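> Structure below; questions to follow.
The values are calculated or read from the model by the stated rules, or taken from the named source; none is laboratory data. Just so we're clear, the structure is a prediction, and the values are computed from it rather than from any experiment. Counting neighbours? That spans all protein chains shown, and the Cβs are built from the backbone with ideal geometry, glycine included. With ligands, DNA and RNA removed, areas are computed over all heavy atoms of the protein, side chains included. Shrake-Rupley method; radii C 1.70, N 1.55, O 1.52, S 1.80 Å.
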Amino acid sequence: MDFDPFVLARIQFATNISFHILFPAISVGLGWILLFFRMRFTQTGDKAWEYAYQFWVKIFALTFAMGVVSGITMSFQFGTNWPGFMEKAGNVAGPLLGYEVLSAFFLEASFLGIMLFGKDRVSNRMHLTSSFLVAFGTTLSAFWILSLNSWMQTPTGYYLEDGVVMVDSWMEVIFNPSFPYRFFHMLIACMLTSAFVVAGVSAWRALRNVDGPATWKVMKTGVMMAAVLAPVQILVGDLHGINTLEHQPAKIAAMEAVWETEKGAPFTIFALPDEKTKTNRYAIEVPYAASLILTHDPNGEVKGLEEFEGVHPPVAIVFWSFRVMLAVGGLMVLVAWWAAWQLRGKNTATKPLLYALSIMTFSGWVAVLAGWYVTEIGRQPWIVSGVLKVQDVVADHSSATLAGTLFGYILLYAFLLASYIGAIRHLSGKPAASLSLTAIGKPNTINKEG
Amino acid sequence: MEYWLPIIYMGIMGLALLIYVILDGYDLGVGMLVPFAEEDEKDMMIASIGPFWDANETWIVLGVGVLLIAFPIAHGIILTSLYLPVTIMLMGLILRGVAFDLRVKAGDHRRGLWNKAFFAGSLIASLAQGWMLGAYITGLQDSTTSLLFSALIALTLPALYLILGCGWLLMKTDGDLRNKAINWGRKAIWPMGLGLFMVSIATPIVSASIAEKWFTFPNALYLMPIPLVCVLCFGAIVRVLYKPSVLINGYSWLIYASTVLICLMASLGLAYSIFPDIIIGDLTIWESASSVKSLQFTLVGVVITLPVILIYTFFVYRIFHGKATALSYE
């Protein structure tokens, strides 16, 4: 088979960014959860919160490290694979990425050292502050990167000079029309992902009777977060969708596989969208539902793909990714409410619930990836909507080079993902107290002469 | 503004990369030394860099970030031509970074594997960085001389990192491990010295423009302090390595500090050699700079955050000051 270097470059970018997003999706939320554990311990003096912190800070450290190293790849990739993007849109992308590094990366990386290893070297207040700064840093980093991503989706505040993007207004660039929706949608997604990780691992620990009350406290924290946030996410997602309809109608048309502009468009639950015949095969539809969801009017108009001939994204993958995201989101609401109902006021749960929570541990990953595929593939063929096409910015590498490095990345990532999940499994079987001294180094190596 | 902004950014980028070399250099150096230590010493060595490595690594992200922010065209050209070494370096850094955690979290039966990954990642990243530097200095050419020169720096930079690593261990450890660090230092210092010497000879040979800049009167006179300081620092390192009583009597910082001074001189020399080009013989910093408005907008952030970053970096180093102890989350 002969591979197109352009397709390979896109697959490589997708592989790198898909792998990377898994870890911030957990650490952005887990940072705040850890701060909550620390504060509860400071307030109540209950040892269970201390155990909760001790156990989860280890998983946080591991997750954070995975996120950092996979993120470095991203910062180089713009140059190695998409030099045209920086040449044409560097005036926007550069400063936003720069602010992310300056305001967030150093902050989180520096105070992480104190948060992880400095507890006996600084005051409790300083340690709490460090934990706060780490959580704040991860969130601030999400702010900048989502601002840039949103600008690529809905660019404002710029003008073109010889094909190069020049900035008119930084406020309009940073707070572009889709940014608030995408930022909150993603933040809540991170919170939900970490809530399900926390609840799922705790359910697994509860099934093995590890750490008693601490495990149940953590599980409840995760479950309550999920029970509140999962429905909020549906609402925010709905608003995000309406915003997309206004600014990127071609993406919506692909998400819903609407081929012809119509009023009172149905919501298609299942179909095999066929780009050749421009029809949906085996469609199962709910009449008027798409118009109702998107325009809040059963007879509202939804633009069809026919209006974006040649400049609309591939339909089937966007359509299906969207449905996967919706399905996982729905499942999250059900499981979270079921768990919240069972766990109210007590520390017991039925086995089916504990198994269900365990199975849902990484459900957030599926939803996050599916959601990003919708929004990123849904932006195609543009890299900056309406301004710059992906195919015009790609670097000129041979298929062999790209295929070779892609193969290397996939092997490395598969190995790391297995190791990451394996390590969480390994740690989960152990009580927090037994892990307290195994951060790095053993107690018997403490300063031999001192 | 149009004249000065690119120069200011060139300075910031150089500073970020210099800080990267002297900080992550010792991490990578320690990483390459890990296989030569006993089991409990491995833990102590990694404990000595544990609280810092993550922030140290961020400096290369800033360095590349400034290249991207201020010189987007050069960013594209440089990283596209360095595609393979960059990819290999990234894989090395990924392995090294995750090994920190996984060697103690994946279970005892996996510890040996992750110790090896830690070593391999550090070595691969160091070699690749050396290669990238070499390719950059020769103007990203594909000629045989350019490849040989890249290979030379690919071997010299890890040796320099080893000395930084030894210098770090001398400050942060004592007892047997410190004695070992002195021995490692004695082995690494000669390849480093030879490498730096050969690089100094080879650079003006592979680049005519650099030769012209260095060997004309009176410039050559003004530039004399650079090689002179390097020779003095090198002499100081050799001297204390072979007379360790000096080190033990409160001068344990001497090797690290001397190596930092060598790095500083080398980067000043490099900056002088290439200025005002950003891609030697091809593109000047002004030709590849971003719009003034974008540079101004980011400069505000740099001016506010960079001093703050330096202050809290200093603060973190002070908290973990002194000999390393086993790291625990307690």
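> What is chain A's relative contact order, in percent, from Cα pairs under 8 angstrom and six or more apart in sequence?
That works out to 19 percent.
> I want to check the label-to-label distance for B:Thr145 and B:Tyr317. Put each point 7 Å from Cα in the C-beta direction and report it in nm to one decimal.
Between B:Thr145 and B:Tyr317, the label points sit 3.9 nm apart.
> Using a Gaussian network for chain A with springs between C-alpha atoms less than 10 Å apart, which of these wobbles most: A:Ser75, A:Ser131, A:Ser358?
Its mean-square fluctuation being the largest, the pick is A:Ser75.
> Quantify how strongly other chains surround peptide B:39-51 by giving the mean number of their Cβ atoms within 10 Å of each of its Cβ atoms.
Averaged over the peptide's residues, the number is 4.
> Report the local net charge at B:Leu93: Lys and Arg +1, Asp and Glu -1, summed over other residues whose C-beta lies under 15 Å from its C-beta.
Around B:Leu93, the surrounding residues sum to -4.
> On a full-extension model of 0.36 nm per residue, what is the gain between B:Glu287 and B:Thr216, subtracting their alpha-carbon distance, rounded to one decimal in nm?
22.9 nm is the gain from fully extending B:Glu287 to B:Thr216.
> Related question: Above 40 Å lies some portion of the pair distances; for the protein assembly as shown, what is it as a whole percent of all C-alpha pairs?
Taking all Cα-Cα pairs of the protein assembly as shown, the fraction more than 40 Å apart is 37 percent.
> Before we go on, tell me the buried accessible area for the B/A pair, both chains summed, 1.4 Å probe, in Å² to the nearest 100.
The buried area between B and A, both sides summed, comes to about 7200 Å².
> Ok, one more. Can you pull the Kirkwood radius for chain A, inverse mean 1/r over Cα pairs, to one decimal in Å?
One decimal place: 23.6 Å for the Kirkwood radius.
> Tally Lys and Arg at +1 and Asp and Glu at -1 over the other residues with C-beta under 10 Å from the C-beta of A:Phe322: what net charge comes out?
Surrounding charge for A:Phe322 is +1.
> Any chance you could give the angle, 0 to 90 degrees and rounded to 10, that helix B:176-206 forms with the longest Cα principal axis of chain B?
Result, in degrees: 20.
> Per residue of B:57-63, what is the mean number of Cβ atoms on other protein chains within 10 angstrom of that residue's Cβ?
6
> On a 0 to 90 degree scale, rounded to 10, what angle separates helix B:225-241 from the longest Cα axis of chain B?
10
> Alpha carbon centre of segment A:273-340 versus segment A:5-38: separation in Å?
25
> Let me ask something else about it. Could you tell me how far the Cα centroid of segment B:18-52 sits from the Cα centroid of segment A:76-105, in Å?
If we compute the Cα centre of each part, the gap is 30 Å.
> Under 12 Å from the Cβ of B:Trp53, count the other residues' Cβ atoms, weight Lys and Arg +1, Asp and Glu -1, and hand me the total.
Neighbour charge sum, excluding B:Trp53 itself: -4.
> Over the whole of A:418-425, what's the average partner chain Cβ count within 10 Å per residue? Rounded to a whole number, please.
What the average comes to for A:418-425 is 4.
> Just to be sure I understand: of the beta bridges DSSP finds with both ends in chain A, what percent are antiparallel, rounded to 5?
100
> Return the inverse of the average 1/r over all pairs of distinct C-alpha atoms in chain B, which is the Kirkwood hydrodynamic radius, in Å to one decimal.
By the Kirkwood definition, the hydrodynamic radius is 20.8 Å.
> Next up: Under the rule of -39500 (n - 2.57) per DSSP H run of 4 or more residues, summed and divided by the residues of chain B, what mean residue ellipticity at 222 nm is obtained, to the nearest 500 deg cm²/dmol?
Dividing the helical sum by the residues of chain B leaves -27000 deg cm²/dmol.
> I'd like the trypsin sites (Lys or Arg not before Pro) in segment A:333-387 restricted to DSSP loop residues with at most 12 other Cβ atoms within 10 Å, sorted by number.
Qualifying residues, ordered by number: A:Arg344, A:Lys346.
> Next up: Taking 0.36 nm per residue of sequence separation and subtracting the Cα-Cα distance, how much length would be gained by fully extending the chain between B:Arg186 and B:Leu306, in nm to one decimal?
39.5 nm
> Still on this structure: Ignoring ligands, DNA and RNA, what accessible area per residue does the protein assembly as shown give at 1.4 Å, in Å²?
For the protein assembly as shown, the solvent-accessible area averages 39 Å² per residue.
> For A:Ile410 and B:Met198, what does the FRET efficiency come to when R0 = 51 Å and r is the distance between their Cβ atoms, rounded to the nearest 0.05?
So the FRET efficiency works out to roughly 0.85.
> Using alpha-carbon pairs under 8 Å, 6+ residues apart, how would you state the relative contact order of chain B in percent?
So the answer I get is 24 percent.
> Would you mind computing, in nm to one decimal, how far apart the modelled labels at A:Asp162 and A:Asp392 are, each placed 7 Å from Cα along Cα→Cβ?
In this crude label model, A:Asp162 to A:Asp392 measures out at 1.6 nm.
> Show A:Thr268, B:Thr216 ordered by accessible area, largest first, where the area counts protein heavy atoms only and the probe is 1.4 Å.
Reading off the accessible areas and sorting them downward yields B:Thr216, A:Thr268.
> Let me ask something additional. For segment A:96-249, just run the numbers: alpha carbon Rg, then divide by 2.2 N^0.38 Å, N being how many residues it has.
1.33
> Out of A:Ala226, A:Val390, A:Met255, whose Cα points farthest toward the positive end of the dipole of chain A (charges: +1 Lys, Arg; -1 Asp, Glu; placed on Cβ)?
With unit charges placed on the Cβ atoms, the residue in question is A:Ala226.
> Report, in degrees rounded to the nearest 10, the 0 to 90 angle that the Cα long axis of helix A:179-207 makes with the longest principal axis of chain A.
Approximately 40 degrees, to the nearest ten.
> Using 7 Å Cα-to-Cβ label points, what is the B:Ser267/A:Ser123 separation (nm, one decimal)?
Going from the B:Ser267 label point to the A:Ser123 one covers 3.5 nm.
> Which FRET efficiency value, to the nearest 0.05, do you get for A:Thr42 and A:Ala433 by plugging their Cβ-Cβ distance into 1/(1 + (r/R0)^6) with R0 = 30 Å?
Plugging the Cβ-Cβ distance into 1/(1 + (r/R0)^6) gives 0.95.
> Please give the FRET efficiency for A:Ala400 paired with A:Thr350, using the beta carbon to beta carbon distance and R0 = 56 Å, rounded to the nearest 0.05.
The calculated FRET efficiency here is 0.50.
> So how far, in whole Å, is the C-alpha centre of segment B:67-111 from the one of segment A:182-202?
With segment B:67-111 and segment A:182-202 each reduced to a Cα centre, they are spaced 27 Å.
> Ranking request for peptides A:117-129, B:174-186: highest mean number of other beta-carbon atoms within 10 Å first, then the rest in descending order.
Descending mean neighbour count gives B:174-186, A:117-129.
> Please give the peptides B:271-284, A:146-159 ranked by average Cβ packing (other Cβ atoms within 10 Å per residue), highest first, as a rough proxy for protection.
A:146-159, B:271-284
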